[in-house]
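Engineer: Questions regarding the structure given below will be posed in turn.
The values are calculated or read from the model by the stated rules, or taken from the named source; none is laboratory data. Keep in mind that what you see is a predicted model, and the values were worked out from it rather than measured. Here Cβ is always computed from backbone atoms with ideal geometry, including for glycine, and neighbour counts include all displayed protein chains.
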């Protein structure tokens, strides 16, 4: 069951990688490589920092979702593209699953709650960051019109607080994932955003 | 002997890094750093994922090829540049050597054949990917006019299939490397390419 | 005491990350993430290569400097910006501290002197490299008008030579850090630079 959720997350993020490959005019192999990097990248970075063999390399099932993602985009690209809303929903589901499962894995490996929160966030946003960096694009987590990282930070922190308080188990993990998922969708619907890196009292012109 | 082949691969990839540094107007130290990153980058990522101390850090000989590459470009840049064909041949040799040696190393560390194939491909294309990412350029493995990654994927997969079938040893490894090398050169000569990330039945205009 | 120096280095580099976030128009969360990546990135790469749990994940104190850096830029950005000289001084201090402490840590982990030098340089320049790569900017260590990496290379090499000669201890480490710091400031004051990646006898036009 956790494996299934994880593979679904890899697939959702993989589709976003294959779509970016399509937009940049890459070929089908580039699409597959970018889908794979996006899907498993966050978890690989987490596991390397934990000093463990990355899950995606220990289990060949992880190779299937990126292949499906690249094929889906190859055969149905404009359709997938037009379905922008479902894609954002899938991506939000991946974000929610990865930030909770990543934090739990780090806590189980003996990380302190702060480090575990950071690794949960890394798992959730790392794949998308690598996708954009490798495709030579300013990462979308830095887009100030959006608060992509905030629900992941809150969710990972909440999982860490619950762990310290002795509250854990699958049910609670799914509850947090549902909260992250809802926050992400609400943030999109109501265009929530946070202040810029410089306070609003500074004129942009002053910064160069 | 395997060390010699590996150092040759580091040198060939190192030259490509130093040439990119020259084209981007970096200084000689930037050239050395980029040559080193390109030459050893793929192997370092492989070894970090395998949980081992990277070969390039265990053996100081690996420092020599990037220095030679940076000096070669410094003293003979337009000459090296004009020799575009030899450079592609060298790069193909590096690709062939790294994809077989990387796959073998991963199999010897106990990776499953799928993960070993991926790590062989990572060894072969990782250095060039890091070179382009760090120099702020869309990676050339994503260039749709070329099939850079395909011979490496086939070669790494072939090594893994042979390993599972009980066929291994230096002779076979060199045979696979020769196949990868030939495929790469043939792909350049006949301008082989694969379909784009989206099927040809979609108009580009539909994708935005 | 070494922890304090390290946290100061994280803070100085963190401020440079938050300032780049401000210039690129990222929001406050992006500023925090970029400050954190810049501050701890070099050390994390070093520790991953050494096969150890990164210091920044073992000790929650490392979370404080990036938060302070992001807040400082948020509340005082144009002020911080105008203080360009102090910022360069802080950055030089971070560079000096990280190149010596990184080399020492690698030597203590049993790395050979060449690898330890490279890891010291990686610690010193890695965070800034990741900062620029992630913000989709050509890394400033490749700027040919500057010799950012040279003092770090000399300092890390000097620490390694002294270690081999049996000279170590806090006092000597601080002496080397002071030398690196002074070299960096002198290089800025007198606009020292090194030759480009191609010898001066080649016309730029020949390189394309």
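Engineer: Would it be correct to say that residue A:7 is within 17 Å of the chain's Cα centre (by Cα), touching a residue at least 12 places away in the same chain (Cβ under 8 Å), farther than 25 Å from residue A:109 by Cβ and part of a helix (DSSP H, G or I)?
Structural biologist: So residue A:7 fails the test.
Engineer: Can you confirm whether residue C:150 is within 11 Å of another protein chain (Cβ to nearest Cβ), part of a loop (DSSP other than H, G, I, E, B) and touching a helix residue (DSSP H, G or I) at 6+ places or on another chain (Cβ under 9 Å)?
Structural biologist: no
Engineer: So, one more: For the stretch B:58-93, which residues satisfy the criterion of being within 20 Å of the chain's Cα centre (by Cα) and without any contact (Cβ under 8 Å) to a residue 12 or more places away in the chain?
Structural biologist: Answer for the stretch B:58-93, where residues must be within 20 Å of the chain's Cα centre (by Cα) and without any contact (Cβ under 8 Å) to a residue 12 or more places away in the chain: B:83, B:84, B:85, B:86.
Engineer: Could you please find all residues in the stretch C:194-208 being more than 32 Å from the chain's Cα centre (by Cα) and either surrounded by fewer than 10 Cβ atoms within 10 Å (Cβ to Cβ) or at pLDDT 85 or above (or both)?
Structural biologist: Residues satisfying the conditions are C:201, C:203, C:205.
Engineer: Out of the stretch B:1-48, which residues are more than 9 Å from chain C (Cβ to nearest Cβ), at pLDDT below 95 and farther than 17 Å from residue B:90 by Cβ?
Structural biologist: B:1, B:2, B:3
Engineer: Can you say whether residue C:89 is in contact with a helix residue (DSSP H, G or I) (Cβ under 9 Å, 6 or more places away or on another chain) and modelled with pLDDT of 95 or more, as far as the supplied structure shows?
Structural biologist: So residue C:89 fails the test.
Engineer: Moving on to the next point. Of the conditions (1) surrounded by fewer than 24 Cβ atoms within 10 Å (Cβ to Cβ); (2) farther than 15 Å from residue A:50 by Cβ, residue A:109 clears all except one; give me its number.
Structural biologist: Of everything listed in (1) surrounded by fewer than 24 Cβ atoms within 10 Å (Cβ to Cβ); (2) farther than 15 Å from residue A:50 by Cβ, residue A:109 misses just condition (2).
Engineer: For residue A:47, state whether it is surrounded by 19 or more Cβ atoms within 10 Å (Cβ to Cβ) and touching a strand residue (DSSP E or B) at 6+ places or on another chain (Cβ under 7 Å).
Structural biologist: Against the criterion (surrounded by 19 or more Cβ atoms within 10 Å (Cβ to Cβ) and touching a strand residue (DSSP E or B) at 6+ places or on another chain (Cβ under 7 Å)), residue A:47 does not qualify.
Engineer: Right, here's the next one. Go through the stretch A:92-119 and count every residue that is away from every other protein chain (no Cβ under 12 Å) and under 22 Å from residue C:34 (Cβ atoms).
Structural biologist: 5
Engineer: Kindly indicate whether any position in the stretch A:179-189 is under 23 Å from residue A:49 (Cβ atoms) and either in contact with a helix residue (DSSP H, G or I) (Cβ under 6 Å, 6 or more places away or on another chain) or facing chain C (nearest Cβ under 10 Å) (or both).
Structural biologist: Yes, the stretch A:179-189 contains a residue that is under 23 Å from residue A:49 (Cβ atoms) and either in contact with a helix residue (DSSP H, G or I) (Cβ under 6 Å, 6 or more places away or on another chain) or facing chain C (nearest Cβ under 10 Å) (or both).
Engineer: Next up: Would you mention how many residues in the stretch A:147-193 are closer than 21 Å to residue A:119 by Cα and surrounded by 17 or more Cβ atoms within 10 Å (Cβ to Cβ)?
Structural biologist: Final tally of qualifying residues: 23.
Engineer: Out of A:125, A:161, which single residue is closer than 18 Å to residue C:32 by Cβ and assigned to a helix (DSSP H, G or I)?
Structural biologist: A:125
Engineer: May I pose another question? Taking residue A:74 and the conditions (1) surrounded by fewer than 24 Cβ atoms within 10 Å (Cβ to Cβ); (2) more than 8 Å from chain B (Cβ to nearest Cβ), which numbered condition does it fall short on, given that it satisfies the others?
Structural biologist: It is condition (2) that residue A:74 fails.
Engineer: Here's a follow-up. Being part of a helix (DSSP H, G or I), free of Cβ contacts under 8 Å to residues at least 12 places away in the same chain and surrounded by fewer than 24 Cβ atoms within 10 Å (Cβ to Cβ) is the filter; apply it to the stretch A:13-32 and report the residue that is farthest from the chain's Cα centre (by Cα).
Structural biologist: In this case the residue turns out to be A:29.
Engineer: Right, here's the next one. For residues that are facing chain B (nearest Cβ under 9 Å) and in contact (Cβ under 8 Å) with a residue 40 or more places away in the chain, tally how many sit in the stretch C:130-147.
Structural biologist: Of the residues in the stretch C:130-147, 6 are facing chain B (nearest Cβ under 9 Å) and in contact (Cβ under 8 Å) with a residue 40 or more places away in the chain.
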